[in-house]
Amino acid sequence: MYWLNKKRYIIGLTVPTLVVYCIYIMLPIIMAAGYSFTKYSGIGKAEFNGISNYKRLFADETFWVAFKNTMIIFGAAFVLLLVVAFFVALLLNNHLKFTDVSKSLIFSPAIIAPIIVGIIWVYILDPEVGALNALLDAIGLSGWKQQWLGGDKLSPYSISIIYFWQQLGYLVTIYIAGLKMIPEEVMEAARIDGANAVQKLRHITIPLMKSTISTVAVLLITGIFKIFEIVQQTTGGGPNHISETLVTYSYSTTFGNSEYGYGMSLATITFLVSLLITAAYLGFFREKEA
């Protein structure tokens, strides 16, 4: 009887969640994939055109520019946030002076709307009116001035730095929560055995934090591939699409050009790339655990 009640309890909690998940997550994904095989302007009836959108996509130079920019942002932001956030969390987990104030300051960018984050950084990195180039001018380093935003070289790296600034505090908070779960007795035993800080980090902290690190990595992969507002506000994907990412190009194609079918093929590819990277990481992570 207890087993039956427990089973009903589990079903009662699971089914509503699954229904919401299917309606708001799975159904839109399936619909987007379906529309990617059609020619559709958003008005009237969608016309099935097979894999024409995907043939066009792989021959589209702008797609490859957007793909390259997205992967640069992913590589830079992923490594920076995964590593730096971990060591910042280690530092803030110690009972140092001003730790609470530092936590608040580091976390504060995470609660700012991404569109506002974009506006803030435009005033810093804009090649014409930005504070950074103005500062370089003022200290006599005019030769160091760069087109930080809107160019074909530095835009993806600038977006990575902006995303790093915004997300650092959020990921540090997750890491700190993981560090708090490490039993103090284990650390005390290691200290008594004569382990130094590096040995404790390598043999205790990192192994016990593997699940937390994995969670942060998955959040980063999915989050980076969804960066939209920052790019839209800072560069708008321009000029002439040279700073597009997969998400902004999908958006401009779908809603700017009313090419819903082609836009959905871009969205589907973006989803598949992020899914493959996530699966590859989790597979590698589980293999290392084994």
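The values are calculated or read from the model by the stated rules, or taken from the named source; none is laboratory data. The structure presented is a predicted model; accordingly, all values stated were derived computationally and were not measured. Because the Cβ atoms are built from the backbone with ideal geometry, glycine has one as well, and the counts that use them run over all protein chains shown.
Of all residues in the range 238-277, which are over 15 Å from the mean Cα position of the chain (by Cα) and outside any helix (DSSP H, G or I)?
Within the range 238-277, GLY238, PRO239, ASN240, HIS241, ILE242, SER243, GLU244, ASN257, SER258, GLU259 meet the criteria.
For VAL218, work out the one condition from (1) outside any helix (DSSP H, G or I); (2) within 13 Å of the chain's Cα centre (by Cα) it doesn't fulfil.
(1)
From the set of residues in the range 261-278 that are of a type in the set (S, T, N, Q) and crowded, with 17+ Cβ neighbours inside 10 Å, which is farthest from THR248 (Cα to Cα)?
SER274
Give the residue, chosen from THR222, THR235, that is farther than 23 Å from VAL273 by Cα and touching a residue at least 12 places away in the same chain (Cβ under 8 Å).
It is THR235.
Per-residue answers, yes or no, for (1) under 22 Å from ASN53 (Cβ atoms); (2) aromatic (Phe, Trp, Tyr):
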| position | (1), (2) |
| --- | --- |
| ILE221 | no, no |
| ILE227 | no, no |
| THR235 | no, no |
| TYR249 | yes, yes |
| GLY256 | yes, no |
| GLY261 | yes, no |
| THR270 | yes, no |
| ALA280 | no, no |
| PHE284 | no, yes |
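Could you list, ordered by first residue, the pairs with Cβ atoms under 7 Å in which the first is in the range 266-287 and closer than 27 Å to ARG56 by Cα and modelled with pLDDT of 90 or more and the second is exposed (fewer than 14 other Cβ atoms within 10 Å of the Cβ) and of a type in the set (A, V, I, L, M, F, W, C), at least 6 apart or interchain?
Here the result reads PHE271/ILE29, each pair linking the range 266-287 to a residue that is exposed (fewer than 14 other Cβ atoms within 10 Å of the Cβ) and of a type in the set (A, V, I, L, M, F, W, C).
Testing ALA280 on (1) assigned to a helix (DSSP H, G or I); (2) closer than 15 Å to VAL65 by Cβ; (3) under 18 Å from the mean Cα position of the chain (by Cα); (4) small (Gly, Ala, Ser), one condition comes back false. Which one is that?
(2)
Collect the residues in the range 104-136 that are in a loop (DSSP other than H, G, I, E, B) and surrounded by 13 or more Cβ atoms within 10 Å (Cβ to Cβ), keeping them in residue-number order.
ILE112, ASP126, PRO127, GLY130
Taking LEU201 and the conditions (1) closer than 24 Å to TYR281 by Cα; (2) modelled with pLDDT under 90; (3) part of a loop (DSSP other than H, G, I, E, B), which numbered condition does it fall short on, given that it satisfies the others?
Unmet for LEU201, out of (1) closer than 24 Å to TYR281 by Cα; (2) modelled with pLDDT under 90; (3) part of a loop (DSSP other than H, G, I, E, B): (3).
Please work out if ILE119 is of a type outside the set (Asp, Glu) and touching a residue at least 60 places away in the same chain (Cβ under 8 Å).
It is true that ILE119 is of a type outside the set (Asp, Glu) and touching a residue at least 60 places away in the same chain (Cβ under 8 Å).
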